[in-house]
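The values are calculated or read from the model by the stated rules, or taken from the named source; none is laboratory data. Given the structure is predicted, the values throughout are model-derived calculations rather than measurements. Here the Cβ positions follow ideal geometry from the backbone for every residue, glycine too, while neighbour counts run over all protein chains shown. Heads up: the accessible areas ignore ligands, DNA and RNA and are worked out on the full protein's heavy atoms, side chains in. Shrake-Rupley method; radii C 1.70, N 1.55, O 1.52, S 1.80 Å.
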Amino acid sequence: ISDQKPLGCWSVKHGQILTCPVVCNFETHEYIAVHDDKVLRIWKNEDLNLDKAFKATLSADVYRIHSLPQGGALVLFRGGGVRTLDVLLEAPQQDIENLISAEAIRWSGAFMEGQEPVLIFTTEKDKDFFVYVQKPKLNSLHKYKLEQQKLARPLCFTAHITNQTVTLLCLYSNNSVYQVLIPLQQDTEEEEEKEEEILSKSLLLNLSVSGAALKGTSLVVLDKDHVAVLGSLPDPGKKPKECLTIWNTKFQTLQTSKELPLGTSGQLWCYEEKFFLIHGKVLTVIMYKCETSSLAAAVGKLKDSQTLDVSSFVNWNTLEDEELVVSFQSQESVALKAESRMNLRSNRSTGQSGTLSVGQLLLRLKDASNYVLETELKKLMAKAPTPDLQATIGCVVTALTDRCKRNPKFYPQNLLQEIVETRDLSYSLCPDLMAVALEQKDLQLLQICLERFPDIPEEITYACLKAFLSMSEDHLKSVDVNLDSAICYVDVEFNDMEVKTEILENGFSEEMEQDMCDTKIPKESQSDGESCPVGLQKAALLNAVLHSAYTETFLLPHLKNLPAQQAILFLRYLYYLYVKCSEKVNTTLPGIRSPTINQIMDWMCLLLDAQFTVMVMLPEAKDLLSNLHKFVRAQVRFYSELNKIEGSLRELQRLNHLRESQTYSIEVLEII
């Protein structure tokens, strides 16, 4: 999420439907999915085709799969039966008991109690709600009936287990949260003969914000004393306002609330002290930290606090500053917001009274001169590292790029380069920076970003590649870029088109290539592989592109739009790098941040996939493709010959280990 990059994408066949959320098995690092209710799929990250993944057809419909860090995966069927994944895979067609024939499952959750997994789910039948508590490994099942509430019904559930007791929280339609306590029982014959027990509930919270009732849609537990509720508040004459609220259940007080003006999906997730929610078209991630609940914190009278304002409990500044910056951007782009941070209790309020907030700093720098900008930013970067500092600097850079877009004459080139070079920023923290650099043709900044940012979108990577290839060599000679990645194997004098002499170390030579291919390569065509087709500056810029991370699926459509002449030039350069790498035993180019053989091969294959039809049709690409084919074929034959004597070489190595150093002998090894 932090790098904003798709790591994998899998799809089912046309007509198939994923029928429950996909989960990750923590023990095996595998993904588990169910499509069409009964078909189980299991695959790993390196598997590309979901249709070729492990498949098992089950005997009953699956409702949900739950994965526990130390408890494996649990499969809950629509009929109420539960199996561990291991037991299920031993016999996929085993009969699954139907425990709730006329009931419909409304919610389920899995937890660990000691070393035992516990699965809890709720069902509904004729407006009655039931709670089931199962321990699959012990074959234990208990069923309870939930006490009815007049004129109200449960909307959603959540739970946690503490000291052998299940605490079930229910969000009701009357804008209240109720608590139900369920002891984890041990199975006895008496209990098996008991009639269905009715669970009583107690009122935990009345969801009222400034006298208005909060209509909750989602409820999550943060810790034993705090819950978060996503919902909406009525606004007379207007559309209801959606907001995220945090409540102290111990003292039944509202800790804080935050309006979400772009709207939400009504769903709220919580995982490893982070909230996940859809805000408009954006996935928002909000970090939180729960501290020990106290009455002073609940009523706003912290020891160091001088205000009773509710905002003192949670620091929403980062989220507000983020929205201030994001408001300058197009709302149509689907992007991941920078992580926002908040603390459920601030105990440093007095020590920060003299420090500008990020929002105040942005307003101060909005129309400041270059001197003021440089001074303020140096102060900011000189601060001791804090969890929020990187996000703050990202907000400032984004504000600067927004100002550049509004005023094309304003462009603090040196300042931006210094920030990117000295700070570990990412594309997601300052998403408009590279677009502005492309408009300003700031090649040095683009090179730095390509080398340092781990999360550059493929569209921007392609735009940089196209811009570099379109630049004239004469113009590039006057541009100051870092040449460390290319200067060791490309001559500085581009006009001579000379390449520094390299010793052939792997037994591969031109004569060998021609002999093995049974084809004499014309001298003029050999120049394609012997001399660099681009100048030193362009080579360094293209190397930065080769280092940029990408996902093939998303880059390929952009490469298909690359002009034919630029595609040929880029392929010639990749071929040149490929030949240079092959001259070395370790297939490594000299220099700092030089392209690796894997990067070169990946980009070459990707470019050929995208442009193959165009390459075949263009006469000027014929010799290049022919030479590339011959060179690859020669290498395949060369390594094939090495593979033939691999066994003999290993035997020789083994004998060398066995031979005593004091003795002398002559041995004849026959290589067949």
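Annotations for the structure displayed:
- Gained length - Glu418 relative to Ala91, 0.36 nm times residue gap less alpha-carbon distance: 111.6 nm
- Cα-based Kirkwood hydrodynamic radius, the stretch 10-87, one decimal, Å: 12.7 Å
- Rounded FRET efficiency, nearest 0.05, which uses the C-beta distance separating Arg153 from Ala382 and R0 of 41 Å: 0.10
- 3J(HN,Hα) from dihedral phi, the stretch 453-469, Karplus parametrisation 6.51/-1.76/1.60, rounded to Hz, x for glycine, proline: 7, x, 10, 6, x, 4, 4, 6, 4, 5, 4, 5, 4, 5, 5, 5, 5
- Mean Cβ count within 10 Å, highest first, over the residues of peptides 424-433, 87-96, 237-246: 424-433, 237-246, 87-96
- Cα centroid separation, the stretch 245-259 to the stretch 66-145 (Å): 32 Å
- Site pair Cys290 and Thr28 shows an inter-label distance of 3.3 nm when each label is modelled 7 Å from Cα along Cα→Cβ.
- Note on Ser470 and Lys239: with the Förster distance fixed at 35 Å, the Cβ-Cβ geometry gives a FRET efficiency of about 0.15.
- Take the Cα of Lys55, go 7 Å toward its beta carbon, and the backbone nitrogen atoms of the stretch 10-26 under 18 Å from that spot belong to 10-20.
- Taking amide H atoms as placed 1.01 Å from N in the peptide plane, the amide H of Thr249 lies under 5 Å from those of His226, Val227, each 5 or more residues away in sequence or on another chain.
- Within the accessible area of the stretch 532-602 (1.4 Å probe), percent carbon and sulfur: 53 percent
- Residue ranges 471-478, 7-14 sort as 471-478, 7-14 when ordered by packing (mean number of other C-beta atoms within 10 Å per residue, highest first).
- Karplus-derived 3J(HN,Hα), 6.51/-1.76/1.60, for each residue of the stretch 271-285, Hz, glycine and proline x: 8, 6, 6, 9, 8, 10, 8, 8, 10, x, 9, 10, 7, 9, 10
- Spatially close lysines, pair count over the stretch 94-214: Cα under 26 Å, gap of eight or more or interchain: 22
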